[in-house]
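> First, the structure itself, so that you have it in front of you.
The values are calculated or read from the model by the stated rules, or taken from the named source; none is laboratory data. Nothing here was measured: the structure is a model prediction, and the numbers come from that model. All Cβ positions, glycine included, derive from the backbone under ideal geometry; neighbour counts span all protein chains shown.
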């Protein structure tokens, strides 16, 4: 077990599940079980707080304020305030979420966007480690999250899943997220054509040096990444479903 100074707790709040674990910050690995509970129906703030308290109690750290705590959340997060809400209650929009959690948990926390913390996990311990220039991490799931990392430094709240499709209507995630593949029963090849449009568009806008693909579907990277024709290297994320926990913990330590 790592020393207390080298550990932190990460909590990853999603639209369907809330996951947490204790992380060794030297290795970027979980040193506890990964605890998961279902996100309460409606995902209203008091219910989510109660669920977070439950997972911290299960980990045995609910009252241990000596271990830093980071929380990842599916929203634009600025100065501790959530400015949007993805697959959670609209009550989170323009909400002092960080203060709400700190008051409810009785401790300081570090609160950030879920895709951004996944980017932090990959840049510190994963596919983007020591990568110069611009890395763009995307999480393909219910939506498309993104993290911009320049020379290892996070540029927060990029929201590149919401680039518009111009005359075609809608945004990128409604067309190319993993949920769109499931919704329209697409083959890997047909879904890859949608991803080709998306990554080509982002490549044109930003000229990145590396794409990292995260989210649960990254474990199937061998089914679709080779179908994409890009100038930019594109690789699967290393930490997949644990990236939110690991990144949130890493940010809590600073």
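> Cβ-Cβ below 7 Å, separation at least six or inter-chain, first residue in the stretch 235-254 and free of Cβ contacts under 8 Å to residues at least 40 places away in the same chain, second in a strand (DSSP E or B) and surrounded by 24 or more Cβ atoms within 10 Å (Cβ to Cβ): which pairs?
From residues that are free of Cβ contacts under 8 Å to residues at least 40 places away in the same chain, the pairs are 240/214.
> Please state which of the following conditions residue 208 fails to meet, knowing it meets all the rest: (1) crowded, with 16+ Cβ neighbours inside 10 Å; (2) in a helix (DSSP H, G or I).
The failed condition is (2).
> On to the next question. So how many residues does the stretch 211-234 have that are touching a residue at least 40 places away in the same chain (Cβ under 8 Å) and surrounded by 16 or more Cβ atoms within 10 Å (Cβ to Cβ)?
Qualifying residue count, the stretch 211-234: 7.
> Among 130, 116, 94, which is the only one that is under 20 Å from residue 9 (Cα atoms) and at pLDDT 95 or above?
116
> So, one more: Restricting attention to strands (runs of 3 or more DSSP E) lying wholly within the stretch 124-179, give those where 1 or more residues are in contact with a helix residue (DSSP H, G or I) (Cβ under 9 Å, 6 or more places away or on another chain) and without any contact (Cβ under 8 Å) to a residue 60 or more places away in the chain.
In the stretch 124-179, the matching strands (runs of 3 or more DSSP E) lie at 144-150, 153-155.
> Still on this structure, I have one more. Take the residues in the stretch 211-254 that are in a loop (DSSP other than H, G, I, E, B) and under 20 Å from the mean Cα position of the chain (by Cα), then tell me which one is modelled with the lowest pLDDT.
Taking the stretch 211-254 and keeping what is in a loop (DSSP other than H, G, I, E, B), we get 215, 224, 228-233, 237-239, 254.
Next, only the ones that are under 20 Å from the mean Cα position of the chain (by Cα) stay: 215, 237-239, 254.
On the way: 215: 87, 237: 95, 238: 94, 239: 92, 254: 71.
Restricting to residues being in a loop (DSSP other than H, G, I, E, B) and under 20 Å from the mean Cα position of the chain (by Cα), the top hit is 254.
> Mind listing whichever residues of the stretch 148-174 are closer than 14 Å to residue 209 by Cβ and buried (at least 18 other Cβ atoms within 10 Å of the Cβ)?
Scanning the stretch 148-174 gives 148, 149.
> Next question. Exactly one of these conditions fails for residue 78: (1) modelled with pLDDT under 95; (2) surrounded by fewer than 14 Cβ atoms within 10 Å (Cβ to Cβ); (3) under 17 Å from the mean Cα position of the chain (by Cα). Give me its number.
(1)
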